[in-house]
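Peer 1: Please find one structure pasted underneath; my questions will follow.
The values are calculated or read from the model by the stated rules, or taken from the named source; none is laboratory data. Just so we're clear, the structure is a prediction, and the values are computed from it rather than from any experiment. Reconstructed Cβ throughout: ideal geometry from the backbone, glycine too, with neighbour counts over all protein chains shown.
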Amino acid sequence: MTASRLRPGRQAPADVVLVPMRRRHLRSVLRIESEVYPRPWSLSLFMSELSLRGTRAYHVAKIGGDVVGYAGVMVGTEDAHVTTIAVDPEHHRRKIGTRLMLNLARVALERGARNLTLEVRVGNTGAQALYHRFGFSPAGIRKNYYSETNEDALVMWASDIDSPGYTARLAAIEAELAADASRWRRQG
């Protein structure tokens, strides 16, 4: 995307910063949650998840003072489960989801995970493309998992995330993000 295609007032992807999710972020998180999910998580569910710091990690993506996305992961012994990921629709197609997924993979690795898993709507091909980029492969279907829309979930796994090959995959994604940020700075 070139700078001329951004709407006035929008920041470049280079300006995205990830920080740990805190209670003060939840108003913005809930706003995004209600815009992107038919059955959004409640404030109490997010509060409960944030209190489980030993097994959970949640981060928000910010541009300036605005929360534009968030993601979370639950880490067990060898497996980590992506619990949620969402980007404000006004900020789609700016690689914020990629930054969030990269962060989740790094957190999972830091906490000793060897595998990552998640569920995604079978009809959400955009999200599935992102997950494929991170090495996720389909592993099964959960019928009517999303009961509010009677939609099935595709269960996806990325195995051996602690391998040199996966480390190289993450490094390549990170290098691409850095190159994009550099291009944005030169254009600005």
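Peer 1: Residue pairs, Cβ under 8 Å, 6 or more apart or interchain, first in the stretch 155-178 and at positive phi and modelled with pLDDT of 95 or more, second surrounded by 13 or more Cβ atoms within 10 Å (Cβ to Cβ) and outside any helix (DSSP H, G or I). List them.
Peer 2: Sorted first by the residue in the stretch 155-178, then by its partner, the pairs are 160/114; 160/115.
Peer 1: Let me ask something else about it. Return the pairs, sorted by first residue and then second, in which the second residue is surrounded by 16 or more Cβ atoms within 10 Å (Cβ to Cβ) and at pLDDT 95 or above, the first residue lies in the stretch 33-47 and is closer than 15 Å to residue 71 by Cβ and of a type in the set (A, V, I, L, M), the beta carbons are less than 9 Å apart, and the residues are 6+ apart or on different chains.
Peer 2: Within 9 Å, the pairs are 36/86; 36/87; 36/88.
Peer 1: All but one of (1) in contact with a helix residue (DSSP H, G or I) (Cβ under 8 Å, 6 or more places away or on another chain); (2) loosely packed, with under 14 Cβ neighbours inside 10 Å hold for residue 165, so report the exception by its number.
Peer 2: Result: residue 165 fails condition (1) only.
Peer 1: So, in the stretch 38-81, exactly how many residues are among the aliphatic types (A, V, I, L, M) and not in a strand (DSSP E or B)?
Peer 2: 5
Peer 1: Just give me the residues in the stretch 50-67 being charged (D, E, K, R) and more than 16 Å from the chain's Cα centre (by Cα), in sequence order.
Peer 2: The answer is 53, 66.
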